[in-house]
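One structure below.
Bear in mind that the values in this text are calculations on the coordinates, not laboratory data. Predicted model only: the values in this text are computed from it and were never measured. Ideal geometry is used to build each Cβ from the backbone, glycine not excepted, and the neighbour counts take in all protein chains shown.
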Amino acid sequence: MTTSPEQIEKDLFQHGFLPIEPDPTLDLFEEIEKLKKEKNAIILAHYYQDSDIQDIADYIGDSLGLSQKAASTDAEIIVFAGVHFMAETAKILSPEKKVLLPDLKAGCSLSDSCPPALFRKFKEKYPDHVVVSYINCTAEMKTLTDICCTSTNAIHIIESIPQDQPIIFAPDKNLGAYLVKKTGRDMVLWDGACMVHEIFSNEKITKLMVRHPNAQLIAHPECEEHILVKAHFIGSTTGLLNYTINNPGQEFIVATEAGIIHQMQLRSPNKTFIPAPPENTCACNDCPHMKRNTLEKLYVCMKYELPEIHLPEWIIREGRASIDRMLEISAKAGL
Ligand code: 13P
Ligand code: SF4
């Protein structure tokens, strides 16, 4: 059987090899709006996306909010402006829908730090432990997980587990250590981390705090402990955003990916937001994976309905229980 040139083109595109550039004279905002209506598509975006993508999205949120939206939407196509594990989670929750990711190579260093084959071996050493995995992991990891969590619900999830039940927490050792401290539970931690949240410079942050004595340091729990101990507030991306809206403070040093500052500035135009400086010469702290998605790729992806997320049926079936459990506990906690 021969493959048609059209199919070859689609296969290459699906694997990210075909650079289809949109016509530069197009107003991409207008075109994307048209495609949304024509195709009954919804754009879900994480706070770490480019400002343009956040501005055109139908829903912007943290990992929990995005999962809840992916589970409840009645759109036929979910366009996920985020990274691969997020789009996989949407596919697990809505397997009958088409789930698109503008750039399939938008991965996650934290998810990569926990290969399922290695984790399977690790888990065998602790047969009586329950596995709680941060949602930032592959779909296959979710099949090895009892309950997923996000940074918004992690404390509730851990506290929902009986005190005498031992726990493995994967893959983020920083969030894990933070949870051990907050809940008093002695968990076995997988040794993984996020490249963006591990790069903040303690020394440069200290200097910034001296120069801006009224500024509050706000940090994501994926940061290392030496940053978290200095923070005035620790929370998920939504938690950090809400803190900047509700707190009377006027200046904030933001220790998470810099994309969220766009929402902070929109919600509090008169407040000042300073990105926490990383341990390198770059002035920013962008996630290179999140930032692979661009408005151009979003448009092309919606026009051609590619690249699409496909998952084996057994992964959808076995991965779903850990996410459903997380959503149930979150709903009970009013999250
Ligand atoms: P939340 O938005 O759920 O806090 O997660 C942060 C993150 O690192 C996503 O990749
Ligand atoms: Fe992964 Fe970190 Fe990027 Fe989030 S910010 S997608 S955890 S690498």
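Taking the Cα centre of region 42-168 as origin and assigning +1 to Lys and Arg Cβ atoms and -1 to Asp and Glu Cβ atoms, the resulting dipole is close to 440 debye. Placing a label point 7 Å from the Cα of residue 51 along the Cα-to-Cβ line, the residues of region 295-313 whose backbone N sits under 19 Å from it are 295-298. Listed peptides 305-316, 95-106 appear in the order 95-106, 305-316 once ranked by packing, highest mean of other Cβ atoms within 10 Å at the front.
Placing a label point 7 Å from the Cα of residue 181 along the Cα-to-Cβ direction, the residues of region 231-266 whose backbone N falls under 12 Å of that point are 231-235. With contacts taken as Cα pairs under 8 Å and at least 6 residues apart, the chain reaches a relative contact order of 22 percent.
Counting only helical runs of four or more DSSP H residues, what would the 222 nm mean residue ellipticity of the chain come to if each run contributes -39,500 (n - 2.57) and the total is spread over all its residues? If you can, show how the numbers build up before the last one.
Details: 16 runs with 145 residues, N = 335.
Value at 222 nm, helices only: -12000 deg cm²/dmol.
Restricting attention to region 2-139, lysine pairs at least eight places apart or on different chains and with alpha-carbon atoms under 14 angstrom apart total 5. Per the Debye formula on identical point scatterers at the alpha carbon atoms of the chain, with no solvent, log10 I(q)/I(0) at q = 0.07, 0.09, 0.10 Å⁻¹ is -0.29, -0.49, -0.60. Taking a ≥ b ≥ c as the square roots of the eigenvalues of the Cα gyration tensor, region 63-190 is classed as prolate, since a/c reaches at least 1.5 and a/b is larger than b/c. Over region 122-171, the fraction of Cα-Cα pairs per 10 Å bin, rounded to whole percents and listed from the shortest bin up, is 26, 57, 17. Amide hydrogen proximity for residue 131: with H placed 1.01 Å from N in the peptide plane, the residues at 5 or more positions away or on another chain lying under 5 Å are 146, 147, 168.
Please check which bits of region 70-104 a label hung off residue 20 would reach, taking the label as a point 7 Å along Cα-to-C-beta and the cut-off as backbone N under 17 Å. Counting only backbone N, you get 77-80, 98-104. Here the simple spin-label model places points 7 Å from the Cα toward Cβ, and for residue 164 and residue 188 these points are separated by 2.0 nm.
With the charge dipole of region 1-111 set up from +1 on Lys and Arg Cβ and -1 on Asp and Glu Cβ about the Cα centre, the Cα lying farthest toward the positive end among the listed residues 80, 29, 95 is that of 95. Each label point was placed 7 Å from the Cα along the Cα-to-Cβ direction; for residue 296 and residue 226 their separation is 4.0 nm. When each of the peptides 184-196, 233-245, 253-265, 121-133 is scored by how many other beta carbons lie within 10 Å of its residues on average, the order from highest to lowest is 253-265, 233-245, 184-196, 121-133. Each residue of region 43-58 was assigned a 3J(HN,Hα) from its phi angle through the Karplus curve 6.51 cos²θ - 1.76 cosθ + 1.60 (θ = phi - 60°); the sequence is 9, 9, 10, 7, 4, 8, 6, 3, 4, 4, 5, 4, 5, 9, 5, 7 Hz, with glycine and proline shown as x.
Taking every alpha-carbon pair in region 212-317 and binning the separations at 5 Å intervals from zero gives 2, 10, 18, 18, 14, 11, 10, 9, 5, 2, 0 percent. Here residue 332 is the anchor, and the aspartates and glutamates within straight C-alpha reach of less than 14 Å, apart from those fewer than 8 places off in the same chain, are 159, 324.
Arranged from highest to lowest average of other beta-carbon atoms within 10 Å per residue, in what order do the peptides 202-212, 287-297, 60-70 appear? Let's see the in-between values first.
On the way: 202-212: 13.4, 287-297: 19.8, 60-70: 22.6.
Those peptides, ordered most packed to least, come out 60-70, 287-297, 202-212.
In this Cβ point-charge picture (+1 for Lys and Arg, -1 for Asp and Glu), the chain has a dipole of about 860 debye about its Cα centre.
Mind running the shape call on region 75-128? Use the C-alpha gyration tensor, a ≥ b ≥ c as the square roots of the eigenvalues: rounded below 1.5 for a/c, prolate if a/b tops b/c, oblate otherwise. If you can, show how the numbers build up before the last one.
Numbers: a/c = 4.34, a/b = 1.94, b/c = 2.24.
The shape class here is oblate.
Here the extension length gained between residue 270 and residue 72 equals 67.8 nm, from 0.36 nm per residue of separation less the Cα-Cα distance.
Find the Rg to Rh ratio for region 1-63, where Rh is the Kirkwood radius over alpha-carbon pairs and Rg uses the same atoms. Write out the running numbers ahead of the final one.
Working: Rg = 15.3 Å, Rh = 14.2 Å.
That ratio equals 1.08.
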